[in-house]
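The values are calculated or read from the model by the stated rules, or taken from the named source; none is laboratory data. Note that the coordinates shown come from a computational prediction; the quantities given were computed from them, not determined experimentally. Every residue, glycine among them, receives a Cβ derived from its backbone with ideal geometry; neighbour counts consider all protein chains shown.
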There are 2 protein chains.
Amino acid sequence: MSDLPPLPAGFRTAGLHCGIKDDPQKLDLALFVSDEPCTAVGVFTQNRVCGAPVKVSRERVPAAAARGVVINSGNANACTGQRGIDDAKWMTALVADRIGCDAENVLVCSTGVIGRFLPREKLEAGIPRGIEQLAGTQEAFHNAARGMMTTDTFAKQSLREVAIGGKTVRVSGAAKGAAMIAPNMATMLAVVMTDATLDPIAAKRILRHAVNDSFNCISVEGHTSTSDTVILLASGASGVVPSSQQELLAIETAIDDVCEDLAKQIIRDAEGAGHFITIDVRGLREPDEARKIAKAIAEGPLVKTAIAGADPNWGRIVSAAGYCGVDLREEDMSLSLNGVPIYAAGTPTDFDAAALSQRLRTEKDVHIDLSLTLGDAACRFWTCDLTAEYVRLNSEFTT
Amino acid sequence: MSDLPPLPAGFRTAGLHCGIKDDPQKLDLALFVSDEPCTAVGVFTQNRVCGAPVKVSRERVPAAAARGVVINSGNANACTGQRGIDDAKWMTALVADRIGCDAENVLVCSTGVIGRFLPREKLEAGIPRGIEQLAGTQEAFHNAARGMMTTDTFAKQSLREVAIGGKTVRVSGAAKGAAMIAPNMATMLAVVMTDATLDPIAAKRILRHAVNDSFNCISVEGHTSTSDTVILLASGASGVVPSSQQELLAIETAIDDVCEDLAKQIIRDAEGAGHFITIDVRGLREPDEARKIAKAIAEGPLVKTAIAGADPNWGRIVSAAGYCGVDLREEDMSLSLNGVPIYAAGTPTDFDAAALSQRLRTEKDVHIDLSLTLGDAACRFWTCDLTAEYVRLNSEFTT
């Protein structure tokens, strides 16, 4: 277990099976607890239809004296009305009673099938067991990451360390993804912990910025889920209080990197994906324009099926840029695919399509690089291809 | 051939194989000609990257003295720079020379693979042959509809007749669709002809309105193509000049119906589709809100894969409504699928999911009916499901 990432100082976690999922090998409950009151901030789904845990947690951040997060997988708590709200609050109270704080100091997430009520009896037995198992070990952190998973095929964890004033600050994160991944938080959850001291206002700004360039720059199919949540907890247990802009920047960069790493792991593990696609869009007047173009390319089914088929189809890419509402002309655009220029200033180049297609069959990382000549703004975005396997996974239905 | 729709008075058409497509059984050239100068209006793709024929035709409408449209399939004329513009104008001149008018009186469309120059030598031989074959017969109209087809599996034609002042006004239309179908004109072309007299200003208003509720209410995958064009030609040859609002409304309704019929035929023939889906969204404050919700549902891959899998998945539908940017709450929404209420005022109903799924396996027409309580505005939208076959068709690549 030695290559698993460690937790930051001041945190203990647990992950276990409490019976929400049928398979006892699959964990369905995760706890992230700070030994002392800590700073907590969150970013939540922008879907108007949002889960009860989102409604409850959103009201509790930013917080200066939070104690942790309880997460169950296998059963979301969305479209469940007042009973859902009561269940979410009840989960936090169950944790709070046992770790010695108010329910308001605990945040909550649920992920899985929506429209079903949470199984209280399973959680009532599981949560106390989880609290007994809380530990600061690598294995405990890994189990917590596993406890969040739904159709993920691997647990997503990330670590960055920065040295500040002779001390080490750790940023450790765990996330789950898989499907319904789109900007503005899709069915994805992430908990990022640091042992630096961050006040709630700074933490909120840092998390918003980190999410904007990571979890909001990935898309599997453009469907924003109802339960997405990213939570940042800062314990201060490293003893590091950033005292200069440079020190704060170092911590901020570590948080950015952890978020980006987790976001990319979500795309690597996207349902049915055959290619991991990085999209760079440059040369726009405004960053929002670059993001809009990148998102249109990332979510264009014809772009995604072309990549699945190893088709260096410049037409589908530039026409996706053309329909997303940004004011541009075809002459403004040049495009390369895995380093090969395939479209320059409005017309296709004379490239070897068969050779490039052959490369796309073997190279599972694809780089779409679209350059415009309208300004200096850019956006980097990550997505995956659209395969028959994705359709199969998402059209399976058993009652 | 007697069940094929007839042309309106004053029009002759032709469709033939001129060699752009390899298979001699597949027609690749279509001509629609008015014997006398006629009114012509058009609606074109809103993609910023648009084909040369769109650029050329857009400048020539509205027109009071147009003579017709020349269309080739098998080779679009997009991303082809100045040479593409020259080729498009040259096509219209070739027609104009032989029917005796100015090139400016002829409109042009091209559809097929983009980024390739048109094969002038094939068109130079084919267009004069097409003009020799021009006829007012049902077969000639059917051939013209066939000449527009790309991956369509059937020719799309529609007819409506209205009696006005003892005379019959005909509205006859032909369209092609198949892929890259999205609102704002996707790779779809349509030519609608009527023998009523319509002035260009009235015709423009009528066509814009008809397109808005038909071709702009269909989506296969949300990819707006570069070459989409709908042209309305009014010859006046029926002798009917609408002289009251009622008479104009009768003609307008016939044009609306022909456009809706053609749009639905495009969805029926969408690549890889297994289900034809009608989406009704009601009870919004503004029609644009209803359209935005309908479009988000229609283009949501998770909705489309659910229908492909006969999954009565209310969660994917209401969450798509939730993420499209319209201000609403889950309590505002109720949903039925093929007449079965599955979600009411924010929570799922206690419906028999297995029975409904069984119905969705056999009923290939699906009706998604989403009612809100915020106002009286509504939108009807048509789409299809997302199948593994769609992915296969769109990821095939051969150089």
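Given the criteria of a type outside the set (A, V, I, L, M, F, W, C), assigned by TED's automatic domain parsing to the domain that holds residue A:196 and in a loop (DSSP other than H, G, I, E, B), does residue A:21 qualify? Explain how you work it out, then say what you get.
Numbers: of a type outside the set (A, V, I, L, M, F, W, C): yes; assigned by TED's automatic domain parsing to the domain that holds residue A:196: yes; in a loop (DSSP other than H, G, I, E, B): yes.
For residue A:21, the condition - of a type outside the set (A, V, I, L, M, F, W, C), assigned by TED's automatic domain parsing to the domain that holds residue A:196 and in a loop (DSSP other than H, G, I, E, B) - is met.
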Does residue B:238 satisfy the criteria of being closer than 27 Å to residue A:293 by Cα and in the same structural domain as residue B:70 (by TED's automatic domain parsing)?
no
In this structure, does residue B:51 turn out to be within 14 Å of another protein chain (Cβ to nearest Cβ) and either in contact with a His (Cβ under 7 Å, 6 or more places away or on another chain) or crowded, with 24+ Cβ neighbours inside 10 Å (or both)?
yes
Go through the stretch A:292-315 and report how many residues are within 7 Å of chain B (Cβ to nearest Cβ) and either basic (Lys, Arg) or assigned to a loop (DSSP other than H, G, I, E, B) (or both).
4
Among the numbered conditions (1) out of contact with any helix residue (DSSP H, G or I) (no Cβ under 9 Å at 6 or more places or on another chain); (2) buried (at least 18 other Cβ atoms within 10 Å of the Cβ); (3) among the aliphatic types (A, V, I, L, M), tell me where residue A:354 comes up short.
(2)
Conditions (1) within 14 Å of chain B (Cβ to nearest Cβ); (2) buried (at least 20 other Cβ atoms within 10 Å of the Cβ); (3) touching a residue at least 24 places away in the same chain (Cβ under 8 Å); (4) charged (D, E, K, R); number of the one not met by residue A:12:
(1)
Residue A:18 fails exactly one of (1) over 25 Å from residue A:198 (Cβ atoms); (2) touching a residue at least 40 places away in the same chain (Cβ under 8 Å); (3) surrounded by fewer than 21 Cβ atoms within 10 Å (Cβ to Cβ), namely (3)
Residue count, the stretch A:79-109, condition at positive phi and part of a helix (DSSP H, G or I), comes to 1
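Name the single residue that is nearest to residue A:309 (Cα to Cα) among those in the stretch A:347-373 being assigned to a loop (DSSP other than H, G, I, E, B), touching a strand residue (DSSP E or B) at 6+ places or on another chain (Cβ under 7 Å) and away from every other protein chain (no Cβ under 12 Å).
Step one: filter the stretch A:347-373 for residues assigned to a loop (DSSP other than H, G, I, E, B), giving A:349-352, A:363-364, A:372-373.
The next check asks that each one be touching a strand residue (DSSP E or B) at 6+ places or on another chain (Cβ under 7 Å); those that pass are A:349, A:351, A:364, A:372-373.
From what is left, the residues that are away from every other protein chain (no Cβ under 12 Å) are A:364, A:373.
Working: A:364: 12, A:373: 30 Å.
Among those residues, the one meeting the criterion is A:364.
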Any residue in the stretch A:260-270 that is within 14 Å of chain B (Cβ to nearest Cβ) and at negative phi?
yes
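Conditions tested, residue by residue: (1) of a type outside the set (Asp, Glu); (2) surrounded by fewer than 24 Cβ atoms within 10 Å (Cβ to Cβ); (3) at pLDDT below 90.
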site	(1), (2), (3)
A:280	no, yes, no
A:284	yes, no, no
A:288	no, yes, no
A:294	yes, no, no
A:299	no, no, yes
A:303	yes, no, no
A:308	yes, no, no
A:321	yes, no, no
If you take the residues of the stretch A:349-387 that are among the aliphatic types (A, V, I, L, M) and free of Cβ contacts under 8 Å to residues at least 24 places away in the same chain, which of them is nearest to residue B:80 (Cα to Cα)?
A:354
Hey, residue A:28 of a type in the set (Asp, Glu) and crowded, with 24+ Cβ neighbours inside 10 Å or not:
yes
Condition first: hydrophobic (A, V, I, L, M, F, W, C), in the same structural domain as residue B:287 (by TED's automatic domain parsing) and more than 26 Å from residue A:390 (Cα to Cα). Can you find one or more residues in the stretch B:298-316 that meet it?
no
I'm checking my understanding of the structure. Among residues of the stretch B:216-244 that are modelled with pLDDT of 85 or more and not in a loop (DSSP other than H, G, I, E, B), which one is nearest to the other protein chains (Cβ to nearest Cβ)?
B:229
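Assess whether residue B:35 counts as being acidic (Asp, Glu) and in contact with a Phe, Trp or Tyr (Cβ under 9 Å, 6 or more places away or on another chain). Before you say what the answer is, go through the steps one by one.
Numbers: acidic (Asp, Glu): yes; in contact with a Phe, Trp or Tyr (Cβ under 9 Å, 6 or more places away or on another chain): yes.
Spelling it out, residue B:35 is indeed acidic (Asp, Glu) and in contact with a Phe, Trp or Tyr (Cβ under 9 Å, 6 or more places away or on another chain).
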Give me a count of the residues in the stretch A:333-346 that are at negative phi and more than 9 Å from chain B (Cβ to nearest Cβ).
8
Residue pairs meeting the criteria (Cβ under 8 Å; at least 6 apart or on separate chains; first over 22 Å from residue B:45 (Cβ atoms), in the stretch A:324-347; second of a type in the set (Lys, Arg) and in a strand (DSSP E or B)):
none
Selection from the stretch B:307-323 of residues that are under 28 Å from the mean Cα position of the chain (by Cα) and in contact (Cβ under 8 Å) with a residue 12 or more places away in the chain:
B:307, B:308, B:310, B:316, B:317, B:318, B:320, B:321, B:323
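Would you call residue B:327 surrounded by fewer than 17 Cβ atoms within 10 Å (Cβ to Cβ), facing another protein chain (nearest Cβ under 9 Å) and not in a helix (DSSP H, G or I)?
On the way: surrounded by fewer than 17 Cβ atoms within 10 Å (Cβ to Cβ): yes; facing another protein chain (nearest Cβ under 9 Å): yes; not in a helix (DSSP H, G or I): yes.
Judged against the criteria, residue B:327 is a match.
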Residue satisfying condition, being of a type in the set (Lys, Arg) and assigned by TED's automatic domain parsing to the domain that holds residue B:33, within set B:295, B:264:
B:264
Only one residue in B:89, B:122 is surrounded by fewer than 24 Cβ atoms within 10 Å (Cβ to Cβ), in contact (Cβ under 8 Å) with a residue 40 or more places away in the chain and farther than 24 Å from residue B:202 by Cα, so which one is that?
B:122
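Yes/no per residue for (1) outside any loop (DSSP other than H, G, I, E, B); (2) touching a helix residue (DSSP H, G or I) at 6+ places or on another chain (Cβ under 7 Å); (3) of a type in the set (S, T, N, Q):
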site: A:139; (1), (2), (3): yes, no, no
site: A:143; (1), (2), (3): yes, no, yes
site: A:146; (1), (2), (3): yes, no, no
site: A:151; (1), (2), (3): no, no, yes
site: A:154; (1), (2), (3): no, no, no
site: A:157; (1), (2), (3): yes, yes, yes
site: A:162; (1), (2), (3): yes, yes, no
site: A:168; (1), (2), (3): yes, no, yes
site: A:173; (1), (2), (3): yes, yes, no
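Residue-wise test of (1) aliphatic (A, V, I, L, M); (2) closer than 28 Å to residue B:259 by Cα.
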site	(1), (2)
B:350	no, no
B:355	yes, no
B:360	yes, yes
B:368	yes, yes
B:377	yes, yes
B:382	no, yes
B:387	no, yes
B:394	no, yes
